[in-house]
Amino acid sequence: MDIKPISTQLQAAVDQIHEQTHSRKADAYLLCEATLNLARELHDDAAFIAVAIDYALVIDQQGYPDRSINILYEALQLAQSYHLFKEEGRLLIVIGRSVYTRAEYSLAIQAWAHALEVSELAKDYNTWVWAKFGVGQVYDAMEDHATAITVLTEAKKRADELGDHELLMHVIFNLGVNLYREQHYDLALENYEIAQNYAINLKFDDEIGELFFFFSECDLADNRIDFAWRVRDR
């Protein structure tokens, strides 16, 4: 069964939500709630799925409540019923991120492992890398840093092939963190340098500032006191 395209009645709202998810989260959240309800009434499954993917990016404002995560699972079931592997993979990514934030690691790794499978079916390798990145985060949270390094190195290799700089920044940053925790200080600093270069080019100020802290942390751990106190000339 093929899914019908997003209705003209909801297309404008879907587009507006997508534009607001990073810049006006509170507005996007309210518009998501209204549009999801209307999509249910109109049986506009395509709109419901599209909005749910963006909805996952704004539910942090509410603390990732059960009700919101249930909506993501509802959208996932719809995507599965239409065999929409690309959308299914993306929903699994955001579900994994939501439950990971709530420290529900078994659910997170289950979602991300499934995302790896369906992203291969969809040949959506961007989603594949995000899933690998997520699995690496779970191993990091469980303090299995050696396995996290292995998983994140696999993600880095595929991200390099894609040439997605934002994705590379996140993967390499987290790879550096786990290398640091395994006391591979030189390799950690090397990855931090690369991640910060991407962050500077992308104008991601939060990550740039955060990486200054990680540079100093690594220098202090490696007894490089003369470097640790300096603000790097970036």
Checklist entry - Among (1) open to solvent by 20 Å² or more (accessible area, probe 1.4 Å); (2) more than 12 Å from the chain's Cα centre (by Cα); (3) not small (Gly, Ala, Ser), where does residue 138 come up short? => result (1)
Checklist outcome for this item: Expected output for segment 69-91 (first residue within 15 Å of residue 4 (Cβ to Cβ), partner open to solvent by less than 70 Å² (accessible area, probe 1.4 Å) and among the β-branched types (Val, Ile, Thr), Cβ below 6 Å, 6+ apart or cross-chain) is 78/49; 79/49; 82/3; 87/49
Item to check | Enumeration of residues in segment 35-51 that are in a helix (DSSP H, G or I) and touching a residue at least 12 places away in the same chain (Cβ under 8 Å) | outcome: 35, 36, 38, 39, 42, 45, 46, 47, 48, 49, 50, 51
Item to check | Subset of segment 1-33 (residues that are of a type outside the set (S, T, N, Q), open to solvent by less than 90 Å² (accessible area, probe 1.4 Å), over 14 Å from residue 61 (Cα atoms) and in contact (Cβ under 8 Å) with a residue 12 or more places away in the chain) | outcome: 3, 6, 10, 13, 14, 17
Next on the checklist: Condition check: under 20 Å from residue 135 (Cβ atoms) and either touching a Phe, Trp or Tyr at 6+ places or on another chain (Cβ under 9 Å) or open to solvent by less than 50 Å² (accessible area, probe 1.4 Å) (or both). Does residue 91 satisfy that?
Outcome noted: yes
Item to check | Qualifying position, being under 22 Å from residue 221 (Cβ atoms), within 17 Å of the chain's Cα centre (by Cα) and open to solvent by less than 50 Å² (accessible area, probe 1.4 Å), among 191, 178, 174 | outcome: 174
Next on the checklist: Filter segment 40-74 down to the residues that are buried (at least 21 other Cβ atoms within 10 Å of the Cβ) and hydroxyl-bearing (Ser, Thr, Tyr) and list them by number.
Outcome noted: 55, 68
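The values are calculated or read from the model by the stated rules, or taken from the named source; none is laboratory data. These figures come from a predicted structure and were not determined experimentally. All Cβ positions, even for glycine, are placed from backbone atoms using ideal geometry, and neighbour counts span all protein chains on display. Heads up: the accessible areas ignore ligands, DNA and RNA and are worked out on the full protein's heavy atoms, side chains in. Shrake-Rupley method; radii C 1.70, N 1.55, O 1.52, S 1.80 Å.
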